[in-house]
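Handing you this structure, nothing more for now.
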Amino acid sequence: MSGRGCSIVWFRRDLRVEDNPALAAGVRAGAVVAVFIWAPEEEGHYYPGRVSRWWLKHSLAYLDSSLKSLGTSLITKRSTDTVSTLLEVVKSTGATRLFFNHLYDPFSLDRDHRAKEVLTAQGIAVRTYNADLLYDPWEVHDDQGLPFTTFAAFWERCLSMPYDPEAPLLPPKRITSGDVFRCPSDTLVFEDESEKGSNALLARAWSPGWSNANKALTTFINGPLIEYSMNRRKADSATTSFLSPHLHFGEVSVRKVFHLVRIKQVLWANEGNKAGEESVNLFLKSIGLREYSRYMSFNHPHSHERPLLGHLKFFPWVVDEGYFKAWRQGRTGYPLVDAGMRELWATGWLHDRIRVVVSSFFVKVLQLPWRWGMKYFWDTLLDADLESDALGWQYISGTLPDGRELDRIDNPQIKSVWRLCPTELIVVGAVKPAYEFEGYKFDPNGEYVRRWLPELARLPTEWIHHPWNAPESVLQAAGIELGSNYPLPIVEIDAAKARLQEALSEMWQHEAASRAALENGTEEGLGESEALPVAFPPDTQMDVDVHEPARNNNPTMARRYEDQMVPSMTSSLLRVEEEEVSLDLRNRATDSRAEVPTNVNVNQEPRREVLNQGVMQLQAVRSNATPPQFNIRIGLQNAEDSMAESSSNSSRRERDGGVVPVWSPSTSSYSEQFVGEENGIGTSSSFLQRHPQSHQLMNWRRLSQTG
DNA sequence: GCGTTTTTCGT
DNA sequence: CGAAAAACG
């Protein structure tokens, strides 16, 4: 593979030189031009937030200096069209090969697919690799070759695959630089003047860059990991790994994390250290959730905008921007929620447990549309990650096949103890006032609340999580005047509970009506247009500050059935409306599909729908009649690859980078149908028990029909 | 100790 | 809600 021309190594969210298969392949092939392309407008509404861009800026600088010490440097390009920019880079450097690592978010799946097609058509050899996951999504499936729909089963399989995840690669010793001088870098601007001040503080707490990521990993493994199972629920303990932003940008490979952690586990197991072993399992589970988020995103490319189970689209969301604002500012009147929201705003960071608290409060108490919350997380979290956050919010909203349901209100009658969903806010037990509020579980001494809500700092612990119950004298002594320097609860919990039940019964009513309509064939019966997910509205319409409604505790407030509207919080840098994009893409995909190179032996069915390559493979695996097939294969392969390919089976390895995850935008109709199918379900769990396979079957059948 | 009841917890 | 763990007697 060496010889004429150099290789482009296209860096994206794999900003490291160690265990970077694309870089390693480039180095193996000869001279390398490393390039990073900044085209955030392509991410649609998910233009990275301020802190995320701050991280990226520093991570890129770090990568550049690492590459320089190895013999080349990082070319940076500003672009509004990544694929044509790639093409330019190829032309100007005379490259003949392109290497990059897989991403699994819907934007990347589509863009990478196009990149591969376009460059392959230009005679460029495109090779891609798994660098982000233990296993590529299409490697993990059940015995029938179908993707898992529950996390537990998925993760169990991951941990018992017939082959281990790849061992991490060492960094290259030296990189032969391609003709980088023929391809000048653009200066990338990641923060504007107004953001610099806020960003200045970040550097005190965080150090982006791949070798800092390694340091964080080592620190964690040698320190807090062993206590992980004990401490994981404390809101402010420094016992998490703090790896998530590093992992998001690929500064450290998850496979390296996995291997090192596993080694520790074996060690502790030998010593009979049960707690340590358990800690590792728990930590690995959180790694597994990250894997699962990619898995879900790959198999259900719309999971960042549509509930996976369809009933939620009938939930009457409270569309109240005043609530939304109060939540963002940490002025809901619930100390733990408010402390969390202020920490998020101030630092871009939240402990996982607090994320659950604030997002549950958002969905279940305020009943605001979940996507608003997800968008806010995206804009403010240092480790904002589309797939992980989508999974998290869907989990909270009760729309995952294995998640808990939205309406988990326990035994209201039996014991006059009720909870608004398990771990979240409230556990009432008349007997134990100290544990009346869930806050005490995560923050038993109120230290976390006091840190982030100085106005409550002088309140005794007894009342710190429910100041509205405190006697007036106590409040006075603490210098608190509720409704003045700290808000009264924005929503009474009982009122919220009643409203939630009301909303849920409304949801099921609508859902049943819709199902009935479907069965009668009168599909349009119940305001489908109203209930159908709508894409993002024009920014102005949702601009949060345009019209702030008076804070009303009025129970009859605006409710809407569109859970798809997301206020725009970033200054509008968006290029096009989403519909336009997908329309555009649909055409493009259809047009280009026929042009997929078919000069490769494995590409036996070039005309096959490329809708979801993972699925295609899995079907092949299941039937066992044909080996897995990749409908898109890159042009030039060497003989080894072809042989590996033709002898492949379900447990094949993809070390040598033939596969690019493919998603074509016609999936939009696919997901709609998925949701549509699920509308026929009364409760997801019972349905799944009765028809454990129906998810996949209906799903995949639909898929092949769309072809 | 061990059957029974209570509490916890869940991606 | 239902399984698993803890607490009870």
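The values are calculated or read from the model by the stated rules, or taken from the named source; none is laboratory data. Just so it is clear, the model here is predicted, and its values are computed rather than measured. We place every Cβ from the backbone using ideal geometry, glycine too, and count neighbours over all the protein chains shown.
Considering only residues of region A:119-135 that are surrounded by fewer than 22 Cβ atoms within 10 Å (Cβ to Cβ) and out of contact with any Gly (no Cβ under 8 Å at 6 or more places or on another chain), which is farthest from A:GLY26 (Cα to Cα)?
Selected residue: A:TYR135.
Restricting attention to region A:312-343, report how many residues are within 16 Å of DNA strand B (Cβ to nearest atom) and either closer than 26 Å to A:PRO444 by Cβ or surrounded by fewer than 21 Cβ atoms within 10 Å (Cβ to Cβ) (or both).
Narrowing region A:312-343 to residues within 16 Å of DNA strand B (Cβ to nearest atom): A:312, A:336, A:340.
Next, only the ones that are either closer than 26 Å to A:PRO444 by Cβ or surrounded by fewer than 21 Cβ atoms within 10 Å (Cβ to Cβ) (or both) stay: A:336, A:340.
Looking only at that region, the number is 2.
Conditions tested, residue by residue: (1) modelled with pLDDT of 85 or more; (2) away from DNA strand C (no atom under 16 Å from the Cβ); (3) closer than 15 Å to A:VAL356 by Cβ.
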| position | (1), (2), (3) |
| --- | --- |
| A:LYS375 | yes, yes, no |
| A:THR380 | yes, yes, no |
| A:ASP389 | yes, yes, yes |
| A:GLN394 | yes, yes, yes |
| A:ARG404 | no, no, yes |
| A:ARG419 | no, no, yes |
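Now for a separate question. Count, please, the residues in region A:263-280 that happen to be free of Cβ contacts under 8 Å to residues at least 40 places away in the same chain and in a helix (DSSP H, G or I).
Of region A:263-280, the ones free of Cβ contacts under 8 Å to residues at least 40 places away in the same chain are A:263, A:265-267, A:269-272, A:274, A:277.
Still in the running and in a helix (DSSP H, G or I): A:263, A:265-267, A:269-270, A:274, A:277.
Qualifying residue count, region A:263-280: 8.
Of all residues in region A:450-466, which are assigned to a loop (DSSP other than H, G, I, E, B) and closer than 9 Å to A:GLY479 by Cα? Explain how you work it out, then say what you get.
Within region A:450-466, the subset assigned to a loop (DSSP other than H, G, I, E, B) is A:453, A:457-460, A:465-466.
Selection gives A:ARG458, A:LEU459.
Shifting gears a bit: I'd like to know if region A:21-28 contains one or more residues that are crowded, with 21+ Cβ neighbours inside 10 Å and either within 28 Å of A:ALA346 (Cβ to Cβ) or outside the structural domain of A:VAL90 (by the TED database) (or both).
no
Count, please, the residues in region A:378-408 that happen to be in a helix (DSSP H, G or I) and within 13 Å of DNA strand B (Cβ to nearest atom). Talk me through it step by step, then tell me what you get.
Filtering region A:378-408 for residues in a helix (DSSP H, G or I) gives A:378-380, A:386-397.
Next, from what is left, pick out any that are within 13 Å of DNA strand B (Cβ to nearest atom): A:387-397.
Qualifying residue count for the region: 11.
Another question, then. When region A:241-260 is examined, which residues are found to be modelled with pLDDT of 95 or more and of a type in the set (A, V, I, L, M, F, W, C)? Steps first, please.
We begin by selecting, within region A:241-260, every residue modelled with pLDDT of 95 or more; these are A:243-260.
Correct list: A:LEU243, A:LEU247, A:PHE249, A:VAL252, A:VAL254, A:VAL257, A:PHE258, A:LEU260.
Sticking with this one: Considering each of A:SER505, A:SER514 in turn, give the residue that is part of a helix (DSSP H, G or I), polar (S, T, N, Q) and crowded, with 19+ Cβ neighbours inside 10 Å. Working first, answer last.
Working: A:SER505 fails: crowded, with 19+ Cβ neighbours inside 10 Å.
Of A:SER505, A:SER514, the one residue that is part of a helix (DSSP H, G or I), polar (S, T, N, Q) and crowded, with 19+ Cβ neighbours inside 10 Å is A:SER514.
When you scan region A:156-169, how many residues do you find that are within 14 Å of DNA strand B (Cβ to nearest atom) and over 16 Å from A:ARG255 (Cβ atoms)?
2
Only one residue in A:LEU504, A:LEU475 is under 15 Å from A:VAL365 (Cα atoms) and in the same structural domain as A:GLY398 (by the TED database), so which one is that? Full working, then the answer.
Working: A:LEU475 fails: under 15 Å from A:VAL365 (Cα atoms).
Just a single option satisfies the conditions, and that option is A:LEU504.
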